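Q: I have a structure I would like to understand better, so I am pasting it below and will then ask my questions one at a time.
The values are calculated or read from the model by the stated rules, or taken from the named source; none is laboratory data. Model, not experiment: these values are computed from the prediction. Note that each Cβ is placed from the backbone with ideal geometry, even for glycine, and that neighbours are counted across all protein chains shown. For the accessible areas, the whole protein counts, side chains as well, though only heavy atoms, and no ligand, DNA or RNA atoms are used. Shrake-Rupley method; radii C 1.70, N 1.55, O 1.52, S 1.80 Å.
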Amino acid sequence: MHTSLAGTARLLAAGLRALLALTLLTGVLYPLAVTGAAQALFEDEANGSRVEADGRTVGSSLIGQQDYGPGYFQPRPARGLGRNTVNTQYDLILSGATHLAADNPELTEWVGRARARVAEENSVPGHPVSAAQVPADAVTSSGSGLDPHISPAYAMLQARRVAAHHDLPVARVQRLVRDHTEGRTLGFIGEPRVNVLRLNLALGNLVERR
């Protein structure tokens, strides 16, 4: 009996030592090493890809925002079809888009109305915008519903409205769009895109310097 208890005690002690060692290794040392490497090699990404302006954080380059105001570039829609849209207001707790099929009558009707509205909002005297000119990303949300980018075509479509609102030369606003157009990742992955937050911050600086 004494030998059996001693053996059991040794096994329990060995198990406890292994538990403590693995807890220290995987629960403390490994997370600290990964965090340290991330901070050293990818500091911006590790801290949420924050965008700062005037000494304060105004958002993340990876998360879209809404309600920029009429004089600024607008992002992709987030509200969509109400009950059929998972993410209704760029709420970070939820991520997703409509579950409707591309040929669903309700979806196509909503897209048609949205296309007409975008065309009307971006038409300026002497330069009307037709519904056919409105790109797809102007009237559809992304798969996540949190896309921070729009296409260069959508940004250029908004340039005249933005220029008119701030009494800026159209060519200057269009150049701002081109300056903030990002190319394909590694030259072949994805599509050219424009980060709306960074573009609007640059626009704000341009308006202030005018």
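Q: Here are the criteria: (1) crowded, with 17+ Cβ neighbours inside 10 Å; (2) aliphatic (A, V, I, L, M); (3) under 21 Å from Ala136 (Cα atoms). Tell me which single one Ile189 does not satisfy.
A: (1)
Q: Here is a follow-up. Please go through the stretch 42-96 and give me each residue that is open to solvent by 40 Å² or more (accessible area, probe 1.4 Å), among the hydrophobic types (A, V, I, L, M, F, W, C) and at pLDDT 60 or above, ordered by number.
A: Phe42, Ala46, Leu62, Ile63
Q: Restricting the search to the stretch 112-123, which residues are surrounded by fewer than 19 Cβ atoms within 10 Å (Cβ to Cβ) and either in contact with a His (Cβ under 9 Å, 6 or more places away or on another chain) or not aliphatic (A, V, I, L, M) (or both)?
A: Gly112, Arg113, Arg117, Glu120, Glu121, Ser123
Q: Still on this structure, please answer the following. Test each condition in (1) open to solvent by less than 20 Å² (accessible area, probe 1.4 Å); (2) at pLDDT below 95; (3) β-branched (Val, Ile, Thr) for Val194 and report the one that comes out false.
A: Going through (1) open to solvent by less than 20 Å² (accessible area, probe 1.4 Å); (2) at pLDDT below 95; (3) β-branched (Val, Ile, Thr) one by one, Val194 breaks only (2).
Q: Any chance the stretch 22-44 includes a residue that's out of contact with any helix residue (DSSP H, G or I) (no Cβ under 9 Å at 6 or more places or on another chain), farther than 23 Å from Val194 by Cα, in a helix (DSSP H, G or I) and polar (S, T, N, Q)?
A: Yes, there is a match, as at least one residue in the stretch 22-44 is out of contact with any helix residue (DSSP H, G or I) (no Cβ under 9 Å at 6 or more places or on another chain), farther than 23 Å from Val194 by Cα, in a helix (DSSP H, G or I) and polar (S, T, N, Q).
Q: Out of (1) open to solvent by less than 40 Å² (accessible area, probe 1.4 Å); (2) closer than 21 Å to Arg172 by Cβ; (3) touching a Pro at 6+ places or on another chain (Cβ under 6 Å), the odd one out for Ala153 is which?
A: The single condition Ala153 does not satisfy is (1).
Q: With respect to Ala102, determine if the residue is among the small types (Gly, Ala, Ser) and either assigned to a helix (DSSP H, G or I) or farther than 18 Å from Arg76 by Cα (or both).
A: So Ala102 does not fit the description; no.
Q: A further question on this structure: Cβ-Cβ distance below 7 Å, separation of 6 or more or different chains: which pairs start in the stretch 126-139 with a residue that is more than 13 Å from Ala159 (Cα to Cα) and touching a residue at least 24 places away in the same chain (Cβ under 8 Å) and end on one that is outside any helix (DSSP H, G or I) and not aliphatic (A, V, I, L, M)?
A: As it stands, the answer is Asp137/Arg76; Asp137/Ser151; Val139/Pro77, since those pairs meet every condition given.
Q: Kindly establish whether Glu109 is open to solvent by 30 Å² or more (accessible area, probe 1.4 Å), acidic (Asp, Glu), more than 26 Å from Gly71 (Cβ to Cβ) and without any contact (Cβ under 8 Å) to a residue 60 or more places away in the chain.
A: yes
Q: Same structure again: Which residue out of Leu5, Leu16, Leu32, Leu22 is open to solvent by 70 Å² or more (accessible area, probe 1.4 Å), closer than 30 Å to Ser60 by Cα and aliphatic (A, V, I, L, M)?
A: Among Leu5, Leu16, Leu32, Leu22, only Leu32 is open to solvent by 70 Å² or more (accessible area, probe 1.4 Å), closer than 30 Å to Ser60 by Cα and aliphatic (A, V, I, L, M).
Q: Check Gly7, Gly64, Gly59 and return the single one that is touching a His at 6+ places or on another chain (Cβ under 9 Å) and not β-branched (Val, Ile, Thr).
A: None of the other options fit; the residue is Gly64.
Q: Checking the conditions here, which among Leu176, Leu146 is under 22 Å from Glu52 (Cα atoms), free of Cβ contacts under 8 Å to residues at least 60 places away in the same chain, open to solvent by less than 50 Å² (accessible area, probe 1.4 Å) and of a type outside the set (Gly, Ala, Ser)?
A: Testing whether each residue is under 22 Å from Glu52 (Cα atoms), free of Cβ contacts under 8 Å to residues at least 60 places away in the same chain, open to solvent by less than 50 Å² (accessible area, probe 1.4 Å) and of a type outside the set (Gly, Ala, Ser) leaves just Leu176.
Q: Let me ask something else about it. Condition (residue is in a loop (DSSP other than H, G, I, E, B), more than 17 Å from Val162 (Cβ to Cβ) and not hydrophobic (A, V, I, L, M, F, W, C)) applied to the stretch 113-132: is it met by at least one residue?
A: Yes, because at least one residue in the stretch 113-132 is in a loop (DSSP other than H, G, I, E, B), more than 17 Å from Val162 (Cβ to Cβ) and not hydrophobic (A, V, I, L, M, F, W, C).
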